[in-house]
Each structure stands twice: as C-alpha cells, then as structure tokens.
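The values are calculated or read from the model by the stated rules, or taken from the named source; none is laboratory data. Being a predicted model, the structure only gives us computed values, none of them experimental. Please note: Cβ atoms are built from the backbone with ideal geometry, for glycine as well, and neighbour counts cover all protein chains shown.
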Amino acid sequence: MPRSPTFDRDAKVEQAMQLFWEKGYESTSVQDLVDHLGLNRSSLYNAFGGKHDLYLEALDRYRQEDIEWLQGQLQEAPTAVEGIRQAFVAVAERATESCCGCFTTNAAVECAPRDASTQERAQKSFAKMRSLFRTAVEQAQAEGAIDSSRDAEALGCHLTNVYNGIHLTAKTDPPDEVVQDIVEETLRGLTCSSPNSTP
C-alpha cells in the first residue's frame, strides 16, 4: 500500500501550475517537475500519476481561478459596461506584465489539437467565458448602455475571442499601446451604437 504523501499536495499543484504555465507542456520534463517541486520521481508518480495527469490537474486549478477572477471583474463594477471595461483593462495589464499569456489559451494552442482531455477543458473554459460575457452584455442592454437590437450571444463570443487574443498578442511583447488600442477599440465598438453610452 502506498504511503500517504508527507507534503502539501495543494501547494505542489500550485507550483506545477506555475511551471507548466511558464514553460508549456512539451518543454517541461519530468526532471523539471522533480526539481521544481522538490519531489523524487516515485513521490511524483505516486501522488499525481505522472506528468500528463499533473498537467491536467494544474490546468484545472488555473481554469477555476481564472474564471472566478473574470466573474469578479464583471460583477463587482457598478454597471455592466464598466464591468466589461474593468475586465479588459485588468487583463491587458496582467498580460503585458508577463509574457506567459493565459495558461488555458496556451494549452488550447499547444495541446488541445492532439489531446482530447486538454481540448475538453479548453472548450469548457471558453464556453464559460462566452456565457459570462453574454450575461454582462444582456445586463448592459437592460441598462441602456448597449443597443438592445444587437445579438448578445454573438457579442459574448466576440468579447471572449478578443479577451483570449489579448493574451496571445501580449506573448509577442508588443508596445503597451498596441494592447491598449485593442482594448479601447473593442469597448468603443461595443457601445458606440447606443446613444446613452459613454465610450
């Protein structure tokens, strides 16, 4: 019978998440994990089942934290449009501070095309993002900030695409104004058709 781990499993998943986020799946070796987590190979395999299983668990950790963060940005603002603005400004700041991008987006690009488990997770995360943005758009329409004739579901898809695209753009280390322009034009396009909106 395998012995119970003598380390903080939650902390090790957090450490693995940071490593996979920075290096990606393929560039992270089992030895990298052993060194970074301070575990021997047998402990790593006994606790996590191997590199792929640990990667998925780390990705799940990131996905949960990222969705909760986005939900907070959207819901804690005084108006729905301000929540959308706040989410985009904040993600632009996060993205330009680090060239690591978004772990979920990175996983979708690197692993999802050939790994069904990663693809399913990325699909669920993006679907949740679309739902959160659609709800924010519907609320903004109810508040008169976005033209009610516009398709809230389509706008939710558009905002999700731009939101993830900011992470990809930021990975190329562009001038800050490039990302700022993306954010401002997205927000202007969202509200410009409404007479009651403020760009």
Report summary line: Cβ pairs under 7 Å, 6+ apart or interchain, first in the stretch 37-53 and without any contact (Cβ under 8 Å) to a residue 60 or more places away in the chain, second among the polar types (S, T, N, Q), ordered by first then second residue, are 37/15
Query - Hits in the stretch 102-142 - residues which are small (Gly, Ala, Ser) and either assigned to a helix (DSSP H, G or I) or at positive phi (or both) - result: 107, 108, 116, 117, 122, 125, 127, 131, 136, 140, 142
Query raised in the report: Could we say that residue 168 is part of a helix (DSSP H, G or I) and buried (at least 21 other Cβ atoms within 10 Å of the Cβ) here?
Result: no
Requested in this report: Being free of Cβ contacts under 8 Å to residues at least 12 places away in the same chain and charged (D, E, K, R) is the filter; apply it to the stretch 64-75 and report the residue that is surrounded by the most Cβ atoms within 10 Å (Cβ to Cβ).
Outcome: 65
Report task. Return yes or no: is residue 59 out of contact with any strand residue (DSSP E or B) (no Cβ under 9 Å at 6 or more places or on another chain), touching a residue at least 24 places away in the same chain (Cβ under 8 Å) and under 30 Å from residue 191 (Cβ atoms)? Result -> no
Report task. Could you grab me the full set of residues in the stretch 175-192 that are buried (at least 18 other Cβ atoms within 10 Å of the Cβ), at pLDDT 90 or above and over 20 Å from the mean Cα position of the chain (by Cα)? Result -> 190
Report summary line: When the stretch 99-131 is checked residue by residue, the ones that are in contact (Cβ under 8 Å) with a residue 60 or more places away in the chain, over 15 Å from residue 165 (Cα atoms), surrounded by fewer than 20 Cβ atoms within 10 Å (Cβ to Cβ) and not charged (D, E, K, R) are 117
Query raised in the report: Does residue 154 count as closer than 27 Å to residue 25 by Cβ, surrounded by fewer than 19 Cβ atoms within 10 Å (Cβ to Cβ) and over 15 Å from the mean Cα position of the chain (by Cα)?
Result: no
Report summary line: Checked pairs for the stretch 13-24, first in a helix (DSSP H, G or I), second of a type in the set (S, T, N, Q), C-beta under 6 Å and 6 or more apart or across chains, list as 19/28; 20/28
Requested in this report: For the stretch 76-97, name all the residues that are among the polar types (S, T, N, Q), part of a loop (DSSP other than H, G, I, E, B) and without any contact (Cβ under 8 Å) to a residue 60 or more places away in the chain.
Outcome: none
Query raised in the report: Can residue 195 be described as at pLDDT below 95, exposed (fewer than 14 other Cβ atoms within 10 Å of the Cβ), part of a loop (DSSP other than H, G, I, E, B) and in contact with a helix residue (DSSP H, G or I) (Cβ under 6 Å, 6 or more places away or on another chain)?
Result: no
